[in-house]
Structures are given as C-alpha cells and as structure tokens.
Amino acid sequence: MKRPIKHNIIIILTLFVVMFGISLFRSSNKDKQAEMGPEETLEAFYKELCAGEFDCASSLCDSLTMSGHINDFRMAWERNDSTVSDIASAILSELSVTVTDVEKDGQTRTIFYELSIPDKQSKEKVATLSKEEGAWRIEKITDRI
C-alpha cells in the first residue's frame with residue numbers, strides 16, 4: 001500500500017525541522033563554549049560530569065587522557081544502582097571549584113584549583129587547557145603534588 005504524497009512530504013518536512021533544530025543546538029553549544037574562558041570551561045566540565053552528562057563533559061576536552069578520565073567516572077556512575085547514583089548526585093551537586101592560581105603560556109593555561117564539598121575534605125588539582133578553534137579545551141587533569 002502506497003502512502004499518499006502528502007504524507008511523505010510531511011515526514012520529510014518533519015525530519016528537516018528536527019535536523020535543523022539539532023544543528024542549531026550544536027551551533028549554539030559551540031558559541032557558548034567559545035565565549036567561556038579557561039576557568040569557566042573547567043567549572044562547566046565538573047558541572048556536566050557531576051550531572052552525568054558525559055558527552056557534554058567530553059565536548060569540553062581534547063585528549064585521550066581526558067577520555068579515559070571521563071570513562072572511569074562514567075563506569076563508576078553506571079556501576080551503582082539508582083539509589084547510590086541519586087545519593088552521589090545530591091552530594092556532587094554541592095561540589096565547588098575554587099581556582100587558586102592560573103599560569104599563562106601563550107594559548108595554554110595551567111589552572112591550580114581546589115575541589116570541595118561542604119563539610120568534607122577538599123582535593124587540590126591541576127588542569128591544563130589549550131585554546132583550539134576559538135574555544136578552551138581541557139587536555140589534562142592531575143592531582144596537585
């Protein structure tokens with residue numbers, strides 16, 4: 001049984017609208033990333049990571065090292081049942097990133113910062129970011145020694 005031409009046109013138009021919406025969303029996301037400085041990029045990374053938005057967190061990174069870091073976090077997140085994930089999400093929603101120092105070297109920034117949750121221990125970290133295609137990307141995150 002053949003579908004009427006009008007029905008096919010509606011399907012094609014719907015697909016076009018969806019594809020156009022997706023491209024606008026991606027373009028808007030890239031514009032927002034291009035407007036963020038290195039410190040804001042780092043904060044956005046942790047916000048996305050703690051929300052379980054791993055693809056968004058990955059879009060702020062530029063290295064295999066960071067892919068491994070995100071995948072480790074994703075596996076730990078997915079390994080637990082929903083109750084544990086809900087508790088972890090509630091705790092992580094209070095995570096704060098406090099930048100303590102920034103070293104500039106051309107298009108590279110080394111950010112020294114502290115991750116903390118109220119009434120819990122904090123952790124000192126170091127992130128290296130570089131500017132690529134107009135946006136800051138996280139290349140590496142390590143513990144501060």
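Considering every residue within region 97-110, establish whether at least one is open to solvent by 30 Å² or more (accessible area, probe 1.4 Å) and touching a Pro at 6+ places or on another chain (Cβ under 6 Å). Yes; the residues of region 97-110 include at least one that is open to solvent by 30 Å² or more (accessible area, probe 1.4 Å) and touching a Pro at 6+ places or on another chain (Cβ under 6 Å). Can you say whether Asp86 is open to solvent by 90 Å² or more (accessible area, probe 1.4 Å) and part of a helix (DSSP H, G or I), as far as the supplied structure shows? Yes: the conditions hold for Asp86. All told, Pro4 falls short of being under 19 Å from the mean Cα position of the chain (by Cα) and either modelled with pLDDT under 65 or not aliphatic (A, V, I, L, M) (or both). If you check Lys47, Lys32 for being assigned to a helix (DSSP H, G or I), among the basic types (Lys, Arg) and at pLDDT 85 or above, only one passes: Lys47. Filtering region 127-145 to residues that are farther than 12 Å from Thr108 by Cα and open to solvent by 60 Å² or more (accessible area, probe 1.4 Å) leaves Glu133, Asp143, Arg144, Ile145. Of all residues assigned to region 79-95, none qualifies as being free of Cβ contacts under 8 Å to residues at least 24 places away in the same chain, touching a strand residue (DSSP E or B) at 6+ places or on another chain (Cβ under 8 Å) and closer than 18 Å to Glu40 by Cβ.
The values are calculated or read from the model by the stated rules, or taken from the named source; none is laboratory data. All figures in this text were calculated on a predicted structure; none of them were measured in a lab. Virtual Cβ from ideal backbone geometry, glycine too; neighbours counted across all protein chains shown. Quick note on the areas: whole protein, heavy atoms, side chains included, nothing else; ligands and nucleic acids left out. Shrake-Rupley method; radii C 1.70, N 1.55, O 1.52, S 1.80 Å.
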